[in-house]
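See below for the structure under consideration.
The values are calculated or read from the model by the stated rules, or taken from the named source; none is laboratory data. Computed from a predicted model, the values in this text were never measured in an experiment. So basically every Cβ, Gly included, is an ideal-geometry build from the backbone, and we count neighbours across all protein chains shown.
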Amino acid sequence: DTGVSQNPRHKITKRGQNVTFRCDPISEHNRLYWYRQTLGQGPEFLTYFQNEAQLEKSRLLSDRFSAERPKGSFSTLEIQRTEQGDSAMYLCASSLDVGNSLYNEQFFGPGTRLTVL
Amino acid sequence: AQSVSQHNHHVILSEAASLELGCNYSYGGTVNLFWYVQYPGQHLQLLLKYFSGDPLVKGIKGFEAEFIKSKFSFNLRKPSVQWSDTAEYFCAVNVYSSASKIIFGSGTRLSIRP
């Protein structure tokens, strides 16, 4: 399968614990995005990377959240001291920016569903 | 701030009925517009997109959408739905000057009675 993959698919944790999710984008896609989706809502943008550089962060991304893409390939999203309000589906997407288009289609992964007890 | 409104939270139709899902966005500048679909247990997939040109765009599986700039609308249509169209549909906008994030509506759940 050459699509976007995310691991784990499900994570249950206790409040106050740290969790880390991984996203593997489509090979050679230079842009990678993180979104969060809560029940009954559409995905909300969190942050995105162009290669290894984190270029934009939403106000939704509190200081307990950190995302990295160290080698410009896979990315990790860490949530420290989880709270019940962090329970959501965390989606990753990737796209190929060739520099001459104002929009490049984003391909979404299956998501990681986080439940904080 | 930009936003996207989908007025129908849940739509229930019988097979062969016609479908129209409403979508309005708030942004005064140039936008790219999308409809995404999420079938049960599957990833978000792009159904169709509008960048420029003909305001009537055709997507996969017989879906189409019309961009009406004066109404800030991008409604999704299908003349005859099938049971397999049961899914959640999201309207989304990408601001022309910010070729990164997509802003999604809250989604419309479509249920088709066989």
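Figures for the structure shown
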quantity	calculated
Contacts under 6 angstrom Cβ, first residue in segment A:43-58 being over 9 Å from residue A:69 (Cα atoms), partner surrounded by 15 or more Cβ atoms within 10 Å (Cβ to Cβ) and small (Gly, Ala, Ser), 6 or more apart	A:45/A:58; A:46/A:58; A:47/A:67; A:48/B:100; A:56/B:100
Residue check for residue A:17: modelled with pLDDT under 95 and either touching a His at 6+ places or on another chain (Cβ under 6 Å) or of a type in the set (S, T, N, Q) (or both)	no
Matching residues in segment A:15-31 - criterion: being loosely packed, with under 15 Cβ neighbours inside 10 Å and assigned to a loop (DSSP other than H, G, I, E, B)	A:15, A:16, A:17, A:18, A:27, A:28
Some residue of segment B:17-26 being touching a helix residue (DSSP H, G or I) at 6+ places or on another chain (Cβ under 7 Å), among the charged types (D, E, K, R) and more than 25 Å from residue A:4 (Cβ to Cβ)	no
Selection from segment B:57-114 of residues that are under 16 Å from the mean Cα position of the chain (by Cα), more than 11 Å from every other protein chain (Cβ to nearest Cβ), β-branched (Val, Ile, Thr) and outside any helix (DSSP H, G or I)	B:57, B:68, B:81, B:86
Test for residue A:22: is it touching a helix residue (DSSP H, G or I) at 6+ places or on another chain (Cβ under 8 Å) and more than 9 Å from every other protein chain (Cβ to nearest Cβ)	no
Residue B:101 vs. criteria of a type in the set (Lys, Arg) and either in contact with a helix residue (DSSP H, G or I) (Cβ under 6 Å, 6 or more places away or on another chain) or surrounded by 16 or more Cβ atoms within 10 Å (Cβ to Cβ) (or both)	yes
Residue in segment A:73-90 that is modelled with pLDDT under 95 and among the basic types (Lys, Arg) present	no
Subset of segment B:9-56 that is among the hydroxyl-bearing types (Ser, Thr, Tyr), surrounded by fewer than 16 Cβ atoms within 10 Å (Cβ to Cβ) and assigned to a strand (DSSP E or B) - its residue that is nearest to the chain's Cα centre (by Cα)	B:26
Any hit, segment A:37-60, residues being surrounded by 21 or more Cβ atoms within 10 Å (Cβ to Cβ) and more than 12 Å from the chain's Cα centre (by Cα)	yes
Restricting segment A:1-14 to residues that are buried (at least 16 other Cβ atoms within 10 Å of the Cβ) and part of a strand (DSSP E or B), the residue that is farthest from the other protein chains (Cβ to nearest Cβ)	A:13
